[in-house]
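One structure is given below, encoded as structure tokens.
None of the figures in this text is laboratory data; all of them are computed from the coordinates on show. As the structure is a prediction and not an experimental result, all values here were calculated from the model. Neighbour counts are summed over all protein chains in view; Cβ atoms, including those assigned to glycine, are modelled from backbone coordinates with ideal geometry.
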Amino acid sequence: MNGCALPFRNEKFRAADNLKRTAIFLAIIQNPVEIALASTLKYNTETMTVNEMMDLPVRYRLLSCLLIYNADEGESMSRLFVALDISQDVKEELTRFCCGLPGARWVPGDQFHLTLHFIGEVDGAVFRDVRDLLADVRGNALETRLAGVGLFPPRKIPKVLWVGVDTNEQLEMLRNRIGSLLMRAGVEVEKRKFMPHITLARLRNTPMGRLARFLAAHNLYASRTMIIKNFKLYSSIVSSKGAVHTVEGVYPLGDQAGADMV
């Protein structure tokens, strides 16, 4: 295509994804000036009569169809995040003390995870880029454990109850590698200091006295050491009944002997 960049959503076009788009792509005249002109005219074949559409040059008709097809596909958005899972027995440990706080909406045990990067809502093209690029992450299996409990925000009315995660160089390096690849996909990576944790509950009007007693009772909690052998890409659908998470990709990390593998 003479090196021209087509003005599509996210400035990306992946013809191999779909034979229909490939056929349209190949049919457009290979002239970057005329392609740019056609795109600025913003012909909308959906609102034209048949005669009006037939009056357009063929190349403009094809480009208009392609732009509409691409925009329609972009309407389907995915809410994504990258996370580490924890072992089933540690999930069960956490579930046992997830009770006794008025106003707490407890996270189901099968949704306990350590979020490395929250991506947010993206369209289909970015979703595919993220899913594919994450396969390039290289790293060894890493050791970690859970320790202590706390609240977010720390000095305001608490909204989140969490259990902490011991941080280490391996965990930081893995998160940084993933972040670099996400930026290549056009994802804005959070700049705040990484505070690894697993959310236990979201709070609403929970009495501070009850919270203080809960923190005192569980502040010395420490799980066994776990070895994490993969990370995952999740999509999430949020409803009034809570979030539903779906695994979109599993990315292995190098094996390591020692503690139990997750």
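Please work out how much length the chain gains when fully extended from GLU188 to MET173, using 0.36 nm per residue of separation minus the C-alpha to C-alpha distance, in nm with one decimal. Each step should come with its number before you reach the end.
Values: separation 15, 0.36 × 15 = 5.40 nm, distance 1.82 nm.
Length difference between fully extended and current span is 3.6 nm.
What residues from the range 203-221 fall in the zone where the backbone N is under 12 Å from a label point 7 Å along the Cα-to-C-beta line of PHE97?
213-221
Find how much the distance from SER239 to MET77 grows on full extension, using 0.36 nm per residue of separation minus their present alpha carbon separation; answer in nm with one decimal.
56.8 nm
Based on the alpha-carbon set only, what is the convex hull volume of the range 125-219 divided per residue, in Å³?
Roughly 126 Å³ of hull volume per residue.
Set the Förster distance to 35 Å, then compute FRET efficiency between SER180 and HIS218 from the Cβ-Cβ distance, nearest 0.05.
0.45
Ratio of Rg to Rh for the range 138-193, alpha carbon only, Kirkwood? Could you put the intermediate results ahead of the total?
Working: Rg = 14.4 Å, Rh = 13.6 Å.
Taking Rh as the inverse mean 1/r over Cα pairs, Rg/Rh reads 1.06.
Take each of the peptides 94-103, 161-170, average the number of other beta-carbon atoms within 10 Å over its residues, and list them starting from the highest.
Highest-to-lowest ranking by the protection proxy: 161-170, 94-103.
Please tell me which of these pairs span more than 26 angstrom C-alpha to C-alpha: LYS156/LYS232; LYS91/LYS156; LYS159/LYS191?
Beyond 26 Å between Cα atoms: LYS156/LYS232; LYS91/LYS156.
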